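*Asks:* Mind having a look at this structure? Questions to follow.
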Amino acid sequence: MSAELGEVRETWEHLGSTDPYWAVLTEREHAGGDARALFFESGRHEVQSVADFLARHGKSIGDVAVDFGCGVGRLSIALAERCKEVSGVDVAASMLEEARANNPHGDRVRFIHNDASTLPFEDDTVDFVLSLITLQHIPPRLSLRYLLEMIRIVRPGGHLVFQLPSHLPMPTPIAEEFCHAEIAVVSSPATAGPGESQYVELSVRNTSDGVWPYGQLLNAANHWRRDGEVVRHDDGRVTVPALQPGESTTLSLRVMTPSAPGEYELELDLVQEHVAWWEQLGNQTVRVPLTVTGTAVAAAAEVVAEAGADEEATAEAEPVAPAKPESNKTMQMHGVHTDLVRGLFDQLGCTVLEAVPDQRAGETWVSYLYLVEVGEYEMKLRS
Ligand SMILES: C[S@@+](CC[C@H](N)C(=O)[O-])C[C@H]1O[C@@H](n2cnc3c(N)ncnc32)[C@H](O)[C@@H]1O
């Protein structure tokens, strides 16, 4: 296995064993009861919209489907309501364990562990491959390989529907005179374990005379300080909506506590990605104390919230060294430019029937949902 794929697997194994439902949708509560039902209902809506997408082109899912990057089975289970056989494939055994426990369809749905860069299916044996919010977490060299594999396993005339970000547009900088905010903590835990995810509720008011526009990568974010020094610069992110002068909003920021026990300060600021942290522009940050209890976590996964997180942002090493050095593992975001994706299918005799702009990667990315018809036998790569 390549180091790249090993890293992807390690990250997702960790997420699957600690917080699988959050890792799938990065929404706050999927713990049980109604929330769990809503989680699977969202899968049904996704599959319905995919079926509608196909239907607009006079196409359908067919009998045999593969869900690449199936997670806990949200889409595989919904697909099984429409076709005879579904295989959910995932790199993380921890996710699949949960998926199998969720499966109400018996043998018609198989969950397959796959940590290779190939797909475990024979040539031309599948009618349809679906992949949502998965390829965006895989480095392009690998995701392109998986796209080739999808073409290989789907029979000529079969279809792929996948979502893949293309590129990050640069934001228009908000004029410095409008970068004035009042940040206040509404609630925050006083203590937490090491390497734990926690939520901080904060309010943000636009105290400037100008509108903060939506879609320009303005986020609330946090640092961690110890003894006054920043020990981790980049952690959680949550999108700040458009705010008029004087208007305020309440946000829920997911943070990951440091891996070494001790007394910390959680510092809240606003950041316009690729432009500036507002503290650098003279804005007042807010700090709240937080005690990290217990014993050090050897290798806590540092998870950058998907919404608006800068791909390049990585946690800084902690001077308060735990038993082992901190891991920099993140749920990474990647894109493959749409020209390259279209060119690839074109060269391999497949047809991109449509690529519609898509919001699944958040407002940060230009992203598409592709519908591809797989071409004739002689044009495909064979295994
Ligand atoms: C955000 S979750 C999405 C799950 C599912 N597609 C859904 O929409 O509910 C991404 C999933 O992709 C899986 N994944 C990441 N890299 C993968 C790879 N190389 N091969 C297969 N699965 C992968 C992760 O383990 C995780 O379960």
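The values are calculated or read from the model by the stated rules, or taken from the named source; none is laboratory data. Predicted, not measured: the structure shown is a model, and the values here were computed from it. FYI the Cβ positions are ideal-geometry reconstructions off the backbone, even for glycines, and counts take in every protein chain you see. Each accessible area value is taken on the protein alone, full model and side chains, heavy atoms only, with ligands, DNA and RNA left out. Shrake-Rupley method; radii C 1.70, N 1.55, O 1.52, S 1.80 Å.
*Asks:* Look at the range 366-383 and say how many of its residues are more than 15 Å from Leu130 (Cα to Cα) and at pLDDT 90 or above.
*Replies:* Quick first cut of the range 366-383, residues more than 15 Å from Leu130 (Cα to Cα) only: 366-367, 375-383.
Next, only the ones that are at pLDDT 90 or above stay: 366-367, 375.
Count: 3.
*Asks:* Here is a further query. For Pro171, work out the one condition from (1) modelled with pLDDT under 95; (2) out of contact with any strand residue (DSSP E or B) (no Cβ under 8 Å at 6 or more places or on another chain) it doesn't fulfil.
*Replies:* (2)
*Asks:* Just checking: which of the strands (runs of 3 or more DSSP E) contained wholly in the range 135-231 hold 2 or more residues that are outside the structural domain of Leu270 (by TED's automatic domain parsing)?
*Replies:* Working: elements: 154-167, 181-187, 197-206, 218-226.
In the range 135-231, 154-167 are the strands (runs of 3 or more DSSP E) which contain 2 or more residues that are outside the structural domain of Leu270 (by TED's automatic domain parsing).
*Asks:* Test Ser17 against the stated conditions and say whether it is open to solvent by 20 Å² or more (accessible area, probe 1.4 Å), among the polar types (S, T, N, Q) and without any contact (Cβ under 8 Å) to a residue 12 or more places away in the chain.
*Replies:* Values: open to solvent by 20 Å² or more (accessible area, probe 1.4 Å): yes; among the polar types (S, T, N, Q): yes; without any contact (Cβ under 8 Å) to a residue 12 or more places away in the chain: no.
Spelling it out, it is not the case that Ser17 is open to solvent by 20 Å² or more (accessible area, probe 1.4 Å), among the polar types (S, T, N, Q) and without any contact (Cβ under 8 Å) to a residue 12 or more places away in the chain.
Each row is one residue, and each column tells you yes or no for (1) within 11 Å of the ligand (Cβ to nearest atom); (2) open to solvent by 10 Å² or more (accessible area, probe 1.4 Å).
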position	(1), (2)
Phe53	no, no
Gly62	no, yes
Arg82	no, yes
Val86	no, no
Met95	yes, no
Pro104	no, yes
Asp115	yes, yes
Leu130	yes, no
Thr134	yes, yes
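*Asks:* OK, next. Any residue in the range 26-37 that is within 9 Å of the ligand (Cβ to nearest atom), in contact (Cβ under 8 Å) with a residue 60 or more places away in the chain and within 22 Å of Leu160 (Cα to Cα)?
*Replies:* Within the range 26-37, the first condition is being within 9 Å of the ligand (Cβ to nearest atom), and the residues that meet it are 26.
Pick out the ones that are also in contact (Cβ under 8 Å) with a residue 60 or more places away in the chain and you get 26.
Applying the additional criterion that residues be within 22 Å of Leu160 (Cα to Cα) yields none.
No, there is no match, as no residue in the range 26-37 is within 9 Å of the ligand (Cβ to nearest atom), in contact (Cβ under 8 Å) with a residue 60 or more places away in the chain and within 22 Å of Leu160 (Cα to Cα).
*Asks:* Which residues, taken from the range 259-288, are part of a loop (DSSP other than H, G, I, E, B) and either within 26 Å of the chain's Cα centre (by Cα) or among the small types (Gly, Ala, Ser) (or both)?
*Replies:* To start, the set of residues in the range 259-288 that are part of a loop (DSSP other than H, G, I, E, B) comprises 259-261, 273-275, 282-285.
Those that are part of a loop (DSSP other than H, G, I, E, B) and either within 26 Å of the chain's Cα centre (by Cα) or among the small types (Gly, Ala, Ser) (or both): Ser259, Ala260, Glu273, His274, Val275, Gly282.
*Asks:* Out of all the residues in the range 50-70, is one or more in a helix (DSSP H, G or I), in contact with a strand residue (DSSP E or B) (Cβ under 9 Å, 6 or more places away or on another chain) and closer than 29 Å to Gln198 by Cα?
*Replies:* Going residue by residue through the range 50-70, those that are in a helix (DSSP H, G or I) are 50-55.
Still in the running and in contact with a strand residue (DSSP E or B) (Cβ under 9 Å, 6 or more places away or on another chain): 50, 53-54.
Of the ones still in play, those that are also closer than 29 Å to Gln198 by Cα are none.
The answer is no, given that none of the residues of the range 50-70 is in a helix (DSSP H, G or I), in contact with a strand residue (DSSP E or B) (Cβ under 9 Å, 6 or more places away or on another chain) and closer than 29 Å to Gln198 by Cα.
*Asks:* Another one. Taking the condition charged (D, E, K, R), at negative phi, part of a loop (DSSP other than H, G, I, E, B) and surrounded by 14 or more Cβ atoms within 10 Å (Cβ to Cβ), does Arg44 pass? Steps first, please.
*Replies:* Values: charged (D, E, K, R): yes; at negative phi: yes; part of a loop (DSSP other than H, G, I, E, B): no; surrounded by 14 or more Cβ atoms within 10 Å (Cβ to Cβ): yes.
Answer is no for this residue.
*Asks:* Given the conditions (1) open to solvent by less than 10 Å² (accessible area, probe 1.4 Å); (2) farther than 30 Å from Pro140 by Cβ, report the number of the one that Gln244 does not fulfil.
*Replies:* Here Gln244 clears every test but (1).
*Asks:* Scanning the range 136-148 for residues that are more than 10 Å from the ligand (Cβ to nearest atom) and open to solvent by 10 Å² or more (accessible area, probe 1.4 Å), which turns out farthest from Ala361 (Cα to Cα)? If you could, list the steps in order and put the result at the bottom.
*Replies:* Narrowing the range 136-148 to residues more than 10 Å from the ligand (Cβ to nearest atom): 140-141, 144, 147-148.
Then keep just the ones that are open to solvent by 10 Å² or more (accessible area, probe 1.4 Å); that gives 140-141, 144, 148.
Details: Pro140: 15, Arg141: 19, Leu144: 18, Leu148: 22 Å.
Result: Leu148.
*Asks:* Got a sec? Which of His180, His223 is under 21 Å from Gln280 (Cβ atoms), more than 24 Å from the chain's Cα centre (by Cα) and buried (at least 19 other Cβ atoms within 10 Å of the Cβ)?
*Replies:* Details: His223 fails: more than 24 Å from the chain's Cα centre (by Cα).
Every option except His180 fails the conditions.
*Asks:* From (1) open to solvent by 70 Å² or more (accessible area, probe 1.4 Å); (2) away from the ligand (no atom under 11 Å from the Cβ); (3) not small (Gly, Ala, Ser), pick out the condition that doesn't hold for Arg9.
*Replies:* Of the numbered conditions (1) open to solvent by 70 Å² or more (accessible area, probe 1.4 Å); (2) away from the ligand (no atom under 11 Å from the Cβ); (3) not small (Gly, Ala, Ser), the odd one out for Arg9 is (2).
*Asks:* While we're here: Only one of these conditions is not met by Ser76: (1) within 11 Å of the ligand (Cβ to nearest atom); (2) among the small types (Gly, Ala, Ser); (3) in a loop (DSSP other than H, G, I, E, B). Which number is it?
*Replies:* (3)
*Asks:* If the Cβ limit is 6 Å and pairs must be 6+ apart or interchain, which residue in the range 341-363 that is within 19 Å of Phe128 (Cα to Cα) pairs with which residue that is in a strand (DSSP E or B) and of a type in the set (Asp, Glu)?
*Replies:* Thr351/Glu373; Leu353/Glu373
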